[in-house]
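The values are calculated or read from the model by the stated rules, or taken from the named source; none is laboratory data. Given the structure is predicted, the values throughout are model-derived calculations rather than measurements. Positions of Cβ are backbone-derived with ideal geometry, glycine not excepted, and every protein chain shown enters the neighbour counts. Only protein heavy atoms, including side chains, enter the accessible area calculation; ligands, DNA and RNA are left aside. Shrake-Rupley method; radii C 1.70, N 1.55, O 1.52, S 1.80 Å.
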Amino acid sequence: MEDSRNSQDKTFHLYLLIGQSNMAGRGEVEPQDKQVHPRVFALDKSCKWVPATDPIHFDKPSAGVGPGLTFGKTMAEFDPSVRIGLIPCAAGGSPITVWKPGGYWHGTNNMPYDNALHRTQLAMAQGALKGILWHQGEADSRRNEEELYENRLIALIGALRTHLGMPDIPFIVATLGDFFIESHPEGLIVNGALSRIPQRVRYTTCVESSGLDHKGDSLHFSAKAARELGRRYAKAIYHTKDAGHLCPHQ
């Protein structure tokens, strides 16, 4: 694919949002989630830029409030000189095993990795990719799978960086909610893997989701919690602008 980055608008900062339903968002949409920020946009299903309002994802009819919109608005407020472009590509229920080239997920009837790569490459013709946000792991919190999670995530990070031609692109992960761990103890192993990523992979960091509530199903963050998670993602990436600081142990 021809590198179009020379024609990019360097003030249009792009962020890829991937993972499963807690990245897509399942929180109840409220009036505040429909308020447009003049410098925050989302790539819609037809790959057109539109003013970002929740739900920005469209993986399932249940899509609602996730961390992405608040992340984008917070990043825009941090730097008034830029516009923010969100690239929603999460797939509800998807295990990490389908996040690879050619991987198919029946739950959303698509290939999550290939779809994310395609949409991001299209977006990069117009803006500068500044980071990738990942929230996933609930689907892998089951016996005999959780131990494999860490290496699979490292492989995913490497594949995306290679295919996007950006070996140093920041990759931000977040832990699974406390409420989920209470009913799925295997999730502790996944959280351990997520927290170790910064020690094993350069230009990464892990955001803690501790203290955030669920929407009543012990699985999905409430709208309020999802917004707070978005702010945590933003603080993690903004306050470490020198990407090397995202991985202090290497």
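Sort out which residues of the range 165-188 are in contact with a Phe, Trp or Tyr (Cβ under 6 Å, 6 or more places away or on another chain) and within 14 Å of Arg143 (Cα to Cα), and write them in order of number.
The one that is in contact with a Phe, Trp or Tyr (Cβ under 6 Å, 6 or more places away or on another chain) and within 14 Å of Arg143 (Cα to Cα): Gly187.
Which count do you get for residues in the range 63-78 that are among the aliphatic types (A, V, I, L, M) and surrounded by fewer than 22 Cβ atoms within 10 Å (Cβ to Cβ)?
Taking the range 63-78 first, the residues among the aliphatic types (A, V, I, L, M) are 63, 65, 69, 75-76.
Restricting the remaining residues to those that are surrounded by fewer than 22 Cβ atoms within 10 Å (Cβ to Cβ) gives 63, 76.
Within the range 63-78, residues that are among the aliphatic types (A, V, I, L, M) and surrounded by fewer than 22 Cβ atoms within 10 Å (Cβ to Cβ) number 2.
Identify all residues within the range 91-113 that are out of contact with any strand residue (DSSP E or B) (no Cβ under 9 Å at 6 or more places or on another chain) and either open to solvent by 10 Å² or more (accessible area, probe 1.4 Å) or part of a strand (DSSP E or B) (or both); write none if there are none.
Of everything in the range 91-113, those that are out of contact with any strand residue (DSSP E or B) (no Cβ under 9 Å at 6 or more places or on another chain) and either open to solvent by 10 Å² or more (accessible area, probe 1.4 Å) or part of a strand (DSSP E or B) (or both) turn out to be Thr97, Lys100, Pro101, Gly102, Trp105, His106, Gly107, Thr108, Asn109, Asn110.
Out of Ala128, Ala123, Ala155, Ala116, which single residue is more than 21 Å from Ser21 (Cβ to Cβ), crowded, with 21+ Cβ neighbours inside 10 Å and touching a residue at least 24 places away in the same chain (Cβ under 8 Å)? Walk me through how you get there before you give the answer.
Numbers: Ala128 fails: crowded, with 21+ Cβ neighbours inside 10 Å; Ala155 fails: crowded, with 21+ Cβ neighbours inside 10 Å; Ala116 fails: more than 21 Å from Ser21 (Cβ to Cβ).
Exactly one residue qualifies, and that residue is Ala123.
Check every one of the strands (runs of 3 or more DSSP E) wholly within the range 24-90 and list those with 3 or more residues that are under 18 Å from the mean Cα position of the chain (by Cα).
On the way: elements: 40-43, 49-51, 83-88.
Because the criterion is at least 3 residues that are under 18 Å from the mean Cα position of the chain (by Cα), the strands (runs of 3 or more DSSP E) in the range 24-90 that meet it are 40-43, 83-88.
Ile197: open to solvent by less than 10 Å² (accessible area, probe 1.4 Å), over 19 Å from Arg119 (Cα atoms) and in a helix (DSSP H, G or I), yes or no?
Criteria met by Ile197.
Among Lys10, Lys60, Lys45, which is touching a Ser or Thr at 6+ places or on another chain (Cβ under 8 Å) and surrounded by fewer than 24 Cβ atoms within 10 Å (Cβ to Cβ)?
Lys60
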